[in-house]
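What follows is a set of notes on a single structure, which appears directly below.
The values are calculated or read from the model by the stated rules, or taken from the named source; none is laboratory data. In this text the structure is predicted, and so the values were computed from the model without any measurement. Ideal geometry is used to build each Cβ from the backbone, glycine not excepted, and the neighbour counts take in all protein chains shown. Heads up: the accessible areas ignore ligands, DNA and RNA and are worked out on the full protein's heavy atoms, side chains in. Shrake-Rupley method; radii C 1.70, N 1.55, O 1.52, S 1.80 Å.
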Amino acid sequence: MSVSVGKNIMVYVETVSKSPVSGALEALSKAHKLAADRGEKVIAVLIGLDLEEAARTSILAGADQAIMVNREAYNMEVYGEVLTKLAEKYRPSLILSAGTLAGKDIMPMVACRLHTGCAVDVMDITETDGQLVFTCPVYGGTVLNQLIIKGTPAIAVVRSGAFAKELTSERTGEIFKEKVETEETSRLKIVDVVKEMAEAVNLEEAEVIVSGGRGMGSLENFKLVEQLAEACHGVVGATRPAIEAEWVPRSHQVGQSGKIVAPKLYIACGISGATQHVSGMIGSGYIVAINKDEDAPVFDIADVGIVGDAVKIIPLLIEEIKRISL
Ligand code: FAD
């Protein structure tokens, strides 16, 4: 069923342990700005149980209304159906979600059901002549596409860190529960949810990431990357070869087939700067690269480049950081 008229912005607020994920709060804050310019409202949708606190946080991040829909357990098919039904009822002009695995699962499904388009990995949303324009990287971030979605509502999955989350304690809004009937039988059955031990690494929300690549040479040398990360109060990232060499678990991989990150500071050690890696970290605020090859492509995107042996340079950096933090 196609939604013909569109007004207001709906944001799917994904929660983990009953708290909104950072990307959802970022999407809400962006939605708030867009809605203010368009004279529209922001409607947050939260699906799960006991989400009152998360709904309040959604209001602080930019929602005017927060709708809570009870569901026992995550199932992307059911969640997609809930969002579709709410979109048919509230007729938003735009639906946003965080660029998490769940967001990327659910939103294309919702777009398909509403016969509209879905932009994924959105880095920016602007408005030209009343038309929303979505900026998305393609070819590993070497080209930025600008998309216009002809259908209504437009649907966008936003890249983590692309927008700033702004929580304002004085903001108030309406919070209410809504019953949404969904099909009793889902074709999808989630039999178990396994928490990966290494998931404690929250690369997407880290402010400082120190990443190591093949150039670190060995597991022993890779420990220097971990020590530098610790000295900077950051977390460890890695390129695919470092993961394949089993210097660090897969959950640390940054890039096209790993995590998309946007820390304030990204330190790349022994990393060449292949597009598949760069596409995952190009949104970083400040990039420092250490590479012994002065022609390494990583220097093209670095704010500061250090040419030399990372195994010798990292201990000097750690020493200096410790000295200035005393
Ligand atoms: P290399 O490219 O081998 O670079 C090593 C660098 O270290 C070199 O520049 C060298 O000069 C430097 N070096 C060597 N010794 C030292 C030293 N002692 N001190 C300082 N510098 C030194 N890669 C990812 O990272 N993430 C992804 O998500 C990802 N997804 C992919 C998806 C697909 C479909 C494909 C095909 C590839 C993907 N890759 C990914 C792999 C990617 O193409 C590159 O191979 C990889 O990023 C290169 O990793 P690297 O920089 O560690 O290694």
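Most simply put, region 1-136 has about 35% antiparallel DSSP beta bridges, counting only bridges with both residues inside it. Packing order of peptides 265-276, 297-308, 220-231, highest average first: 265-276, 220-231, 297-308 (average count of other Cβ atoms within 10 Å over each peptide's residues).
A protection proxy built from the mean count of other Cβ atoms within 10 Å ranks the segments 90-102, 166-178, most packed first, as 90-102, 166-178.
Does region 154-239 classify as rounded, prolate or oblate by the C-alpha gyration tensor (a ≥ b ≥ c root eigenvalues; a/c under 1.5 gives rounded; else a/b over b/c gives prolate, otherwise oblate)? Oblate, because a/c is 1.5 or more while a/b does not exceed b/c. Count Lys and Arg as plus one, Asp and Glu as minus one, and take only other residues whose Cβ is under 13 Å from that of Arg113; the net charge is then -3. In order along region 145-159, the Karplus-derived 3J(HN,Hα) couplings, from 6.51 cos²θ - 1.76 cosθ + 1.60 at θ = phi - 60°, round to 8, 10, 10, 10, 9, 6, x, 10, x, 6, 10, 9, 9, 8, 5 Hz, and Gly and Pro are given as x.
In deg cm²/dmol, rounded to 500, what helix-only [θ] at 222 nm does the chain give when every DSSP H run of at least 4 residues adds -39500 (n - 2.57) and the total is split over its residues? Mind dumping the intermediate values first?
Numbers: 9 runs with 99 residues, N = 326.
For the chain, the value works out to -9000 deg cm²/dmol.
By DSSP, the beta bridges lying fully in the chain are antiparallel in about 20 percent of cases.
For region 214-230 and region 13-58, what is the centre-to-centre distance using only Cα atoms, to the nearest Å? The two parts, judged by their Cα centres, are 38 Å apart.
Near the amide H of Glu166, within less than 5 Å, lie the amide hydrogens of Ser29, all on another chain or at least 5 residues away, with H placed in the peptide plane.
Shown for region 174-326: the carbon plus sulfur share of the solvent-accessible area, taken with all protein chains present and a 1.4 angstrom probe, equals 51%.
Through the Karplus equation 6.51 cos²θ - 1.76 cosθ + 1.60, θ set to phi - 60°, convert the phi angles of region 174-181 into ³J(HN,Hα) values in whole Hz; use x for Gly and Pro. With the stated coefficients, region 174-181 comes to 9, 10, 8, 9, 9, 8, 10, 6 Hz. For the chain, the longest principal axis of the C-alpha atoms and the axis of helix 310-324 are separated by about 80°.
If you take the Cα centroid of region 289-315 and the Cα centroid of region 170-189, the two points sit 49 Å apart.
Most tightly packed first, judged by the mean number of other beta-carbon atoms within 10 Å of their residues, the peptides 29-35, 40-46 read 40-46, 29-35.
Give me the angle, in degrees from 0 to 90, between the Cα long axis of helix 101-113 and the longest principal axis of the Cα atoms of the chain, rounded to the nearest 10. That helix lies at roughly 40 degrees to the long axis.
The 1.4 Å probe gives accessible areas that order Thr142, Thr15, largest first, as Thr142, Thr15.
The angle between the Cα long axis of helix 52-61 and the longest principal axis of the Cα atoms of the chain comes to about 70 degrees, rounded to the nearest 10. The alpha-carbon of Lys85 sits under 23 angstrom from the alpha-carbons of these lysines, leaving out residues fewer than 8 places away in its chain: Lys7, Lys18, Lys41, Lys104, Lys150, Lys177, Lys179, Lys189. Taking square-rooted eigenvalues a ≥ b ≥ c of the alpha carbon gyration tensor, is region 132-173 rounded, prolate or oblate, where a/c under 1.5 means rounded and, failing that, a/b exceeding b/c means prolate? Taking the square roots of the gyration eigenvalues as a ≥ b ≥ c, region 132-173 is oblate. Computed over the chain, the percent of Cα pairs more than 35 Å apart is 28.
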